[in-house]
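Read-outs throughout are calculated quantities, based only on the coordinates presented, and are distinct from any laboratory measurement. Because the structure is a prediction, the values reported are computed rather than measured. Cβ sites come from the backbone with ideal geometry, for glycine too, and all protein chains shown count toward neighbours.
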Amino acid sequence: MDPIKLVKGFKDLLPEESAKWWFVELRARKFFKNFGFSEIRPPIMERTELFQRGIGEGTDVVEKEMYTFTDRSGENLTLRPEATAGVIRAYIENGLFTREAVSKLYTIGPMFRRERPQKGRFRQFHQINAEVFGVAAPIIDAEIIIMVNEFLRDVGLESLSLEINSLGCSECRPSFKQELIAFLEAKKETLCPDCQRRIGINPLRVLDCKVRTCQEATVQAPLVTSFLCTGCHAHFDELQKYINRFGITYSINPKMVRGLDYYTKTAFEITTTHLGAQNAVCGGGRYDELVKQLGGPDVPGIGFAIGFERLVSLLPMSNLYDNSPTLFVAPLGATAHEKTFALLNSLRLSGLSCVSEYNANVSLKTMLKRADRSGARLVIIVGEDELLKEEITIKDMQTGKQKSFLLSDWGKIIATAKQGEL
RNA sequence: GUGGGUGUAGCUCAGUUGGUUAGAGCGCCAGGUUGUGGCCCUGGAGGCCGAGGGUUCGAGCCCCUUCACUCACCCCA
């Protein structure tokens, strides 16, 4: 029979990798706690309408990338393609805005988009998401940007670049958009076919196009930053003031746009050159009108998403993700297995990570080989000699030293094992 | 959805103008050591050469089809 294969664009996370994931996740949770966030875990499936309203009908994500289906009772459901909409739904539905003036929430989990897979892009992928509701002041924009920037540095990423921009609000964006469209229409001939199409759909994206002729054509294009209303302008200025005060390096990229419709004012992106074409490790921004748009109170919001797989693939080599046990128990023969069984498990219960051999017939040589490969530094050997004397031998694999202990003297054995070396 | 690349052992890959029994390294198993790992030596297991069809006396190699993976576009984390 042919084995069943995994779904295209989905990945099995194997043990070597999952150790890295734990490392990242633990660090992230620590960071979030320090910055006053708490975890929320909305389901990974929502009513399709939520995403249509939240992300925007015209976006590619909604138009052609969602895993949407009707369940047995005819409800139209979708596997979440991003986290923000679901978090906002939960925020509204559970009335979190009535409990506290400001909510700082994070969530870590899988997202689903039916795109053609490539380097750094999968149909099931994971994100670390953060959202803050209820703060309109730019100080929070700065806080969030600094937090995510420092977090990525903390887990060990290097040569990242941070870009920020302001996309304006519903007041100033339309006039900019109008001006931009007029500009692009005039240059239409020199733009690539994709961009010619974009003029009508998402004119801001033209500024971000990779085709050289398009980049050349848009050097003189009007910039959002020069169209900002006084409110947005002040917001953007103050944000920079705060970031400068903390002192991280960034650049302003007036041509950066975000993919989803809901962003207003601040937008930012953290990229690297080591990811192939998918160079964004983190993207985020402010969405002051989204909560209201989804039926909630008029509460401003800001958030970001980190691509988990992308982050992990950038992690430097490190022994920080080492998952080795501290101890390998090697009993020779059936009697030794019986004698060490209780000890083995009480070592585990005392907080030590121990592995053992289950086959009573394997040789000491093989067990030591397995112990070596397991990464355990200490090995407890129990064979005929030890059984006669009611002893065990502990071997330090790094130094080769060996030492005997009375089998009954668990306290001493555990203490030595906890030391991790002889 | 569109375009390119690649499919040979568990993994990374050789494989001559089409020629007999398809190879290497790593990994795995066993032995060299009756109870001592790594290093070294010896041996072993492991392949429908992605699948289907075609050309040919003969196909891993050539042709067609198909599937999978991969990279890029679109778009995005």
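Here is how the numbers come out for the structure above:
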{"item": "Neighbour cut-off at most 13 other Cβ (10 Å), DSSP loop, trypsin sites (Lys or Arg not before Pro), the range A:19-61", "result": "none"}
{"item": "Using a Förster distance of 25 Å, the FRET efficiency for A:ASP372-A:LEU406 (Cβ separation, nearest 0.05)", "result": "0.40"}
{"item": "Angle in degrees between helix A:410-419 and the longest Cα principal axis of chain A, rounded to the nearest 10", "result": "40 degrees"}
{"item": "Förster radius 25 Å - calculated FRET efficiency between A:GLU17 and A:SER346, Cβ distance, rounded to 0.05", "result": "0.20"}
{"item": "Cβ-Cβ FRET estimate between A:ARG27 and A:SER159, R0 fixed at 25 Å, reported to 0.05", "result": "0.85"}
{"item": "Partner lysines for A:LYS8 [C-alpha distance under 17 Å; skip if fewer than 8 residues away on the same chain]", "result": "A:LYS64, A:LYS119"}
{"item": "Aspartates and glutamates whose Cα lies under 19 Å from that of A:LYS365, excluding same-chain neighbours fewer than 8 positions away", "result": "A:GLU357, A:GLU384, A:ASP385, A:GLU386, A:ASP396"}
{"item": "Aspartates and glutamates with Cα under 13 Å of A:LYS265, excluding same-chain neighbours fewer than 8 positions away", "result": "A:ASP141, A:GLU171, A:ASP237, A:GLU238, A:ASP288, A:GLU289"}
{"item": "Qualifying GluC sites (Glu not before Pro) for the range A:305-393 [loop in DSSP, other Cβ within 10 Å: at most 16]", "result": "A:GLU390"}
{"item": "Rounded, prolate or oblate (a/c below 1.5 giving rounded, otherwise prolate when a/b exceeds b/c) for the range A:324-419 by Cα gyration tensor", "result": "rounded"}
{"item": "Filtered trypsin sites (Lys or Arg not before Pro), the range A:200-233: DSSP coil and at most 14 other beta carbons within 10 Å", "result": "A:LYS210"}
{"item": "Helix A:84-93 axis, angle to chain A major axis (alpha carbon atoms, nearest 10°)", "result": "90 degrees"}
{"item": "Percent of C-alpha pairs per 20 Å bin, chain A, short to long", "result": "22, 43, 24, 11, 1"}
{"item": "Between the range A:1-73 and the range A:88-142, the Cα center-to-center distance that results, in Å", "result": "11 Å"}
